[in-house]
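Colleague: Dropping a structure here in structure tokens format, bear with me for questions.
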Amino acid sequence: MTTTAEKTRRINMTQVSPEVYKAVIALSEAAAKDIDPDLAELIKIRASQMNHCAFCIDMHTADARKRGIDEQKLALLPAWEETEGIFTEQEQAALALTEEMTDLTRRHVSDEVYERAAEAFTERELGQVIAMALTINAWNRIGVTTRLPLPKR
Amino acid sequence: MTQTLENITAERLKIYKTSPELYEAMMVLSNAAAKDIDPELGELIKIRASQINHCAFCLDMHTRDARTHGVSEQKLDVLSAWEEAGRLFTERERAALALTEAITELGDGHVSDDVYARAAAVFTERELGQVIAMAVTINAWNRINVTIRLEPAHR
């Protein structure tokens, strides 16, 4: 078994590609406008779970708790489709869209899922939900590829 | 060469109008990712990720851009099977493609030490950072354009 310490050390994007790093931070700021912060955390955690980004899951579950998101919601998030009365319709529509956007290798973004989101959100809100989902997908790719070290808390 | 995204038909949402800051931020990111990377290699990364993510608009744009950059028809034809193509692709191209595939397919696994080390062996740290940036950025464009169902221009 390999311990974390034995795993290959990887590059630090803030040092080798600082313009890219800054651009992703600017992208995050653009995506964070006009979206409910609690909803944004759920989108970020769900995508990070699917993409297996340990650093991102850790950061955003901590952020979600600080924002006062229910422990039960966080625990049930990977199985949100099986729950009733826990997630709002907006949350469910955004989570379904986030999952399909994250899973592009297997399928498209179906009309059913797109329309559910289009009914629950205004066009501006929907654009920002899409922006949030693709931005966390970008961070997930950086976090996993460079194996961002996890702070112990 | 570069199409104006605002003028192209999206079957679903005109996201570049509803979220103009997103479009601006994505353009800044694309420009940052394009520095210090060979443009031909950049196109191969963009096409391979777009194949895996099934982004029709992105495939159309980047196969055309690749031809403009002089990437050979044979490389474009065989790209989705590059691992089986022997020395048609250089070691740098193969290392970057293997890394791009791993970065694109996070749902199925991690970015393995083997794939990472292969890329780290043929690129400087700066180059490697920019290869990763290119793969991350095209993945973001793929997600936008698939979600809003942007149509490739008929030509």
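Colleague: Restrict the check to the range A:45-58 and report whether at least one residue is more than 18 Å from A:A138 (Cα to Cα) and among the hydrophobic types (A, V, I, L, M, F, W, C).
Modeller: no
Colleague: Being under 23 Å from A:R107 (Cα atoms), touching a strand residue (DSSP E or B) at 6+ places or on another chain (Cβ under 7 Å) and not in a helix (DSSP H, G or I), is that true of even one residue in the range B:9-27?
Modeller: yes
Table: residues versus (1) within 10 Å of chain A (Cβ to nearest Cβ); (2) at pLDDT 95 or above.
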| residue | (1), (2) |
| --- | --- |
| B:E93 | no, yes |
| B:A96 | no, yes |
| B:L99 | yes, yes |
| B:A119 | yes, yes |
| B:R126 | yes, yes |
| B:I132 | yes, yes |
| B:W141 | yes, yes |
| B:A153 | no, no |
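Colleague: Another question about this same structure. Answer yes or no: is there a residue in the range B:30-41 that is surrounded by 21 or more Cβ atoms within 10 Å (Cβ to Cβ) and without any contact (Cβ under 8 Å) to a residue 60 or more places away in the chain.
Modeller: No, the conditions are met nowhere in the range B:30-41.
Colleague: Same structure, new question: Quick one: B:H110 ticks every box in (1) farther than 27 Å from A:R107 by Cβ; (2) surrounded by 15 or more Cβ atoms within 10 Å (Cβ to Cβ); (3) without any contact (Cβ under 8 Å) to a residue 12 or more places away in the chain; (4) not hydroxyl-bearing (S, T, Y) except a single one, so which number is it?
Modeller: Unmet for B:H110, out of (1) farther than 27 Å from A:R107 by Cβ; (2) surrounded by 15 or more Cβ atoms within 10 Å (Cβ to Cβ); (3) without any contact (Cβ under 8 Å) to a residue 12 or more places away in the chain; (4) not hydroxyl-bearing (S, T, Y): (1).
Colleague: If you go through the range A:119-153 one residue at a time, how many are modelled with pLDDT under 95, among the aliphatic types (A, V, I, L, M) and either part of a helix (DSSP H, G or I) or exposed (fewer than 15 other Cβ atoms within 10 Å of the Cβ) (or both)?
Modeller: 1
Colleague: Counting residues that are within 14 Å of another protein chain (Cβ to nearest Cβ) and either basic (K, R) or closer than 23 Å to B:A133 by Cα (or both), which helices (runs of 4 or more DSSP H) fully inside the range A:24-118 reach at least 3?
Modeller: A:37-50, A:54-66, A:89-102
Colleague: Right, here's the next one. Which of the residues that make up the range A:10-51 are in contact (Cβ under 8 Å) with a residue 60 or more places away in the chain, under 28 Å from A:I69 (Cβ atoms) and of a type in the set (K, R)?
Modeller: A:K33, A:K44
The values are calculated or read from the model by the stated rules, or taken from the named source; none is laboratory data. Just so we're clear, the structure is a prediction, and the values are computed from it rather than from any experiment. Note that each Cβ is placed from the backbone with ideal geometry, even for glycine, and that neighbours are counted across all protein chains shown.
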